[in-house]
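Report on one structure; see the data block that follows.
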Amino acid sequence: MTTTAAALTPLTTTEAETLITAARRAADLAGVTVSITVLDAGGHLLAFRRDDRAVLISGETSTRKAYTALQLNAPTADLVDLVKPDGPFHSLPTALDRPLLFIAGGLPVHRDGRLIGAIGVGGGAPEQDHSFATAALEGLSR
């Protein structure tokens, strides 16, 4: 008898837009201009938004935060101490030729316990970006 795993529904563009809207709403309430990136499980761009007045580099940081959260299946806020000079992964940011960024603001997105994508927020202080990404995930689960 063969068992097959239930098909996992991928992160949709509609859900990506829901994430963007919820993160933007949280940032607007805090008076912070941000960029928000949503990637699918393969690391492909599903949605992106940069507020008109957000610093230009926030587009890059939001994308790198999302990519890092996706590749390591962990919130970037949880990884910050691991890459410090005395941390176990201190050489990871330079060892790989990948766009990793170990600053709070990136979160993996799961469905039924499985990784389906990631969101990254850049433009505010790291703790703010993390809270905006968290608000986005909460908005998606409603």
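The values are calculated or read from the model by the stated rules, or taken from the named source; none is laboratory data. Everything quoted here is computed from the prediction, not taken from an experiment. For neighbour counting, all protein chains shown are included, and Cβ atoms are generated from backbone atoms with ideal geometry for every residue, glycine included.
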Residues satisfying the stated conditions in region 75-117, i.e. touching a strand residue (DSSP E or B) at 6+ places or on another chain (Cβ under 7 Å) and β-branched (Val, Ile, Thr): Thr76, Val109, Ile116
Filtered residues of region 32-44 (kept if in contact with a strand residue (DSSP E or B) (Cβ under 9 Å, 6 or more places away or on another chain) and either closer than 16 Å to Gly122 by Cα or in a strand (DSSP E or B) (or both)): Thr33, Val34, Ser35, Ile36, Thr37, Val38, Leu39, Asp40
Leu140 being touching an Asp or Glu at 6+ places or on another chain (Cβ under 7 Å), surrounded by fewer than 22 Cβ atoms within 10 Å (Cβ to Cβ) and under 15 Å from Leu19 (Cβ atoms): yes
Total residues in region 27-75, condition under 13 Å from the mean Cα position of the chain (by Cα) and of a type in the set (Asp, Glu): 2
Which listed residue, of Ala74, Ala69, Ala47, Ala54, is free of Cβ contacts under 8 Å to residues at least 60 places away in the same chain, of a type in the set (A, V, I, L, M) and assigned to a loop (DSSP other than H, G, I, E, B): Ala74
Residue satisfying all of: in region 9-31; touching a residue at least 40 places away in the same chain (Cβ under 8 Å), of a type in the set (A, V, I, L, M) and part of a helix (DSSP H, G or I); surrounded by the most Cβ atoms within 10 Å (Cβ to Cβ) among these: Ala23
Qualifying residue in region 72-83 (condition: touching a helix residue (DSSP H, G or I) at 6+ places or on another chain (Cβ under 6 Å), crowded, with 23+ Cβ neighbours inside 10 Å and not polar (S, T, N, Q)): no
Residue identified as farther than 30 Å from Gly31 by Cβ, part of a strand (DSSP E or B) and either free of Cβ contacts under 8 Å to residues at least 12 places away in the same chain or not acidic (Asp, Glu) (or both) among Leu115, Leu107: Leu115
The one condition in (1) surrounded by fewer than 20 Cβ atoms within 10 Å (Cβ to Cβ); (2) touching an Asp or Glu at 6+ places or on another chain (Cβ under 8 Å); (3) farther than 16 Å from Ile20 by Cβ; (4) not charged (D, E, K, R) that Gly113 fails to fulfil: (2)
Failed item, numbered, when Asp97 is tested on (1) under 18 Å from Pro126 (Cβ atoms); (2) modelled with pLDDT under 95: (1)
